[in-house]
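*Asks:* The following block contains the structure, expressed as C-alpha cells.
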Amino acid sequence: DVVGLASGVRAISAGADHTCAVLSGGGAKCWGANGSGQLGDSTTDQRSAPVDVIGVTNIVEIAGGGQHTCARDASGGLGCWGGNGSGQLGDGTTTSRSTAMSVNAFGGASTALSAGAAHTCATTASGGVRCWGANPDGRLGDRTVTQRLEPVDVLGLSGPATGVSAGSVNTCA
C-alpha cells in the first residue's frame, strides 16, 4: 500500500520518475522526484509519500510525462505543471511550473489525455487530437518538426479518435 492513499483512488499514472493518483473527491496527489515541479505542490522537493497537487479540482484523468504532469477535469479542461523546456505544458512558454497552469488555446473540451517524454496530447470532443511540446521527429503529428508551445491539430487521422497515447518520441491515436 502507498502511505496516504488508503482508499478512494480512481486513476493512477506514472511518469519517468514520479507517480500521481486521482482521488474519488476530484483532487490529485503525486510523489517521487520533483526537480522540475512535476508533483504540483509548489515546490521542487522530492517526496517519498503523496502530496496534494495545488490548484486542481474535479479531476477525472491524470497523465505523468517525462518531467511534467497534466490533468483533465470533468468539464474537459486541461492543466499541466512541471518541466516545460519544450513547451509541453501548453501555456505558451518554456517556463517550468510547480503548480498547475491552464493549457492555452485547446479549443473546447478534451475527452482523453496522455503525456510523453517532452510532449502532451489530448483528444477533442469532436474526435480530433491536439498535441504540443517537443517535435524534432514529428511526434506532434502536424507534418512538421517544429516545437509547439500551444496545442496544434494532428493531421491525417482517418476517423474520430477515442483515445491517445504519447510515448517517449511518438504518439498514437
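The values are calculated or read from the model by the stated rules, or taken from the named source; none is laboratory data. Keep in mind it's a predicted model, so treat the numbers as computed, not measured. We place every Cβ from the backbone using ideal geometry, glycine too, and count neighbours over all the protein chains shown. Heads up: the accessible areas ignore ligands, DNA and RNA and are worked out on the full protein's heavy atoms, side chains in. Shrake-Rupley method; radii C 1.70, N 1.55, O 1.52, S 1.80 Å.
*Asks:* Any idea which of (1) of a type outside the set (D, E, K, R); (2) surrounded by fewer than 24 Cβ atoms within 10 Å (Cβ to Cβ); (3) part of a loop (DSSP other than H, G, I, E, B) is the one residue 38 doesn't satisfy?
*Replies:* Just one mismatch for residue 38, condition (2).
*Asks:* Among 107, 8, 87, which is the only one that is in contact with a strand residue (DSSP E or B) (Cβ under 6 Å, 6 or more places away or on another chain) and either farther than 20 Å from residue 166 by Cα or open to solvent by 60 Å² or more (accessible area, probe 1.4 Å) (or both)?
*Replies:* After ruling out the rest, the residue left standing is 8.
*Asks:* Okay, next question. Considering only the stretch 136-164, state which residues are touching a residue at least 40 places away in the same chain (Cβ under 8 Å), open to solvent by less than 80 Å² (accessible area, probe 1.4 Å) and within 18 Å of residue 91 (Cβ to Cβ).
*Replies:* 148, 149, 150, 151
*Asks:* Out of everything in the stretch 1-30 that is outside any strand (DSSP E or B) and of a type in the set (S, T, N, Q), what residue ends up being modelled with the lowest pLDDT?
*Replies:* Among those residues, the one meeting the criterion is 7.
*Asks:* For the stretch 68-110, how many residues meet the condition of being closer than 17 Å to residue 26 by Cα, in a loop (DSSP other than H, G, I, E, B) and in contact with a Leu (Cβ under 6 Å, 6 or more places away or on another chain)?
*Replies:* Residues that pass the stated criteria total 0.
*Asks:* So, in the stretch 57-77, exactly how many residues are touching a strand residue (DSSP E or B) at 6+ places or on another chain (Cβ under 7 Å) and open to solvent by less than 20 Å² (accessible area, probe 1.4 Å)?
*Replies:* Here the count works out to 10.
*Asks:* I would also like to ask the following. Conditions: (1) touching a residue at least 24 places away in the same chain (Cβ under 8 Å); (2) over 16 Å from the mean Cα position of the chain (by Cα); (3) open to solvent by less than 70 Å² (accessible area, probe 1.4 Å). Residue 125 meets all but one. Number of the miss?
*Replies:* (3)
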